[in-house]
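Inspection log for the structure reproduced underneath, given as structure tokens.
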Amino acid sequence: MAPSPPPPAASDAQYAQQFLNTVLSQRGPSALPYAEDVKWLIRNHLVALIDAFPSLRPRVALFNHKDGRAAHLLQADGTIPITHAGAVYNLPAVLWLPEPYPRAPPLVFLSPTPDMLIKPHHPLVDCSGLVAGAPYLRSWVFPSSNLLDLARSLSHLFGLDPPLFTRSNPPNPLPAAPSSSMLPAPSPRAPSEVVYSPRPYRFPASPQLAARPPPTEDPAEVFRRNAIAKLVDTAYAEAAALRATREAEANALFAVQAELRGRGEWVDIGVRKIAEEMEALECRLQDVTMATDVIKAWVTENHKGAADADDAEAEGAIQPADVLSRQMLDCTAADLALEDAIYALDKAVQEGSVPFDGYLRSMRALAREQFFQRVLCTKVNSAQQQAHVTRMAARAPSHYAS
């Protein structure tokens, strides 16, 4: 799958960098199943790990998943040094980088040699060698978590409580167990496996922990070591919970900020439209005001002459036909005016505005004047009828007159 590693012409760190640059830059069917935007971060993680732990070597190998799928993945294979009871030991381990790495934590397996056993009921390692209870793995957060800090955490925790011990009398090597869903491919190596270095790599010899009698430990020291491990585990768990809570709060605040920015943009657009509409309405109001002033000036200029002409036309609109008709019109107008005066006087005396004796005097004078106007109207009416009969007789034929 991957090209051959570079020739041994430089240091191990340079080999690792060249190897990672080559395998991570491949495209097409032979490309590793990692996201393109994190391949550079994966390279940096492995380079930093190898610089700090030279006993680990990068390589590409076939990994079998639980569901039967197989994929070529990156791994860091070698040993992790620990310090226990004043002595340095090397624990064989393999750090697999699954497809979603670094957004998901790596898979860490201890690969004991035939003369080693996994400590039963270890709090961090199960019977298959999977490191599943490490606090750093449980609190893995992208992109701050990395392989170097993970290896340092495991070195410290395994130094407090080693997960492997050596048999006192190592038996003959057992045949290799078939590869399971969580273990790497067994030896001999598959042809498709790409090894970092062309020369075979041998793990540093692990000291025989069980070859010598275990030293007597102080109970206080054991209690202190267990308390420290418990505190570290609790601190990692609380930090992970606090980090998750803070990230959720930050994401919620970011969402509110984005929504407020969107609403602010809509508000700015609305304010700008309202300002434009107000400016247009002010221009329209100015035009209407100017037109109103022009109309008012024209009406003021032409109203006076039109009113005088209307009054003159009203005066001459009705003209009596003769003297009797004019006298009849004047008498009728005077009679109606007196009738209105009497009505107004009645309302005044009812409201108490005019004293009763004054009402009687005024009423007597108005009634007397109205009587004379009505008598005059009657006489004028009789004269008009007589004149009308005379005009009709004058227009009659001569044979009716004889």
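Derivation of every value follows stated rules applied to the coordinates shown; laboratory data play no part. Bear in mind the structure is a predicted one, so any value in this text is a computation, not a measurement. Cβ: placed from backbone, ideal geometry, glycine included. Neighbour counts: every protein chain shown.
For K66, give me every one of the lysines with a C-alpha distance below 27 angstrom, ignoring sequence neighbours fewer than eight places off in its own chain. Cα-Cα hits under 27 Å: K39, K119. I want the local charge near A275. Using Cβ-Cβ distances under 12 Å, sum +1 for each Lys or Arg and -1 for each Asp or Glu among the other residues. Result for the neighbourhood of A275: -3.
Its Kirkwood hydrodynamic radius, worked out from the mean inverse distance over all distinct Cα pairs, puts the stretch 323-393 at 13.8 Å.
Each peptide in 93-102, 362-371, 324-333, 148-157 receives the mean, over its residues, of other Cβ atoms within 10 Å, and ordering these scores from highest gives 93-102, 148-157, 324-333, 362-371. Descending by average beta-carbon neighbour count within 10 Å, the peptides 343-353, 136-146 line up as 136-146, 343-353, the highest first.
Multiplying the sequence separation of K230 and H388 by 0.36 nm and subtracting their Cα-Cα distance, what value in nm do you get? Numbers along the way, then the final one.
Details: separation 158, 0.36 × 158 = 56.88 nm, distance 13.98 nm.
Once the chain is fully extended between K230 and H388, it gains 42.9 nm.
If the segment from V299 to M278 were pulled out straight at 0.36 nm per residue, it would be longer than the present Cα-Cα gap by 4.5 nm.
Using the beta-carbon distance between A244 and A52 and R0 = 30 Å, what value does 1/(1 + (r/R0)^6) give for FRET efficiency, to the nearest 0.05? Display every interim value, and only then the final one.
Working: r = 28 Å, r/R0 = 0.93.
The formula returns an efficiency of 0.60 here.
So if we plug the beta-carbon distance of L260 and Q26 into 1/(1 + (r/R0)^6) with R0 = 35 Å, what FRET efficiency do we get, rounded to 0.05?
On the way: r = 45 Å, r/R0 = 1.29.
Given R0 = 35 Å and the Cβ-Cβ separation, E is 0.20.
Sum up the charges of everything whose Cβ sits under 15 Å from the Cβ of I82, counting Lys and Arg as +1 and Asp and Glu as -1, but leave I82 out.
In short, +2.
Modelled spin labels at R167 and T289, positioned 7 Å past Cα toward Cβ, are 10.7 nm from each other. In this structure, the amide hydrogen of R59, modeled 1.01 Å from its nitrogen in the peptide plane, lies closer than 5 angstrom to those of Q75, D77, counting only residues at least 5 positions away or on a different chain.
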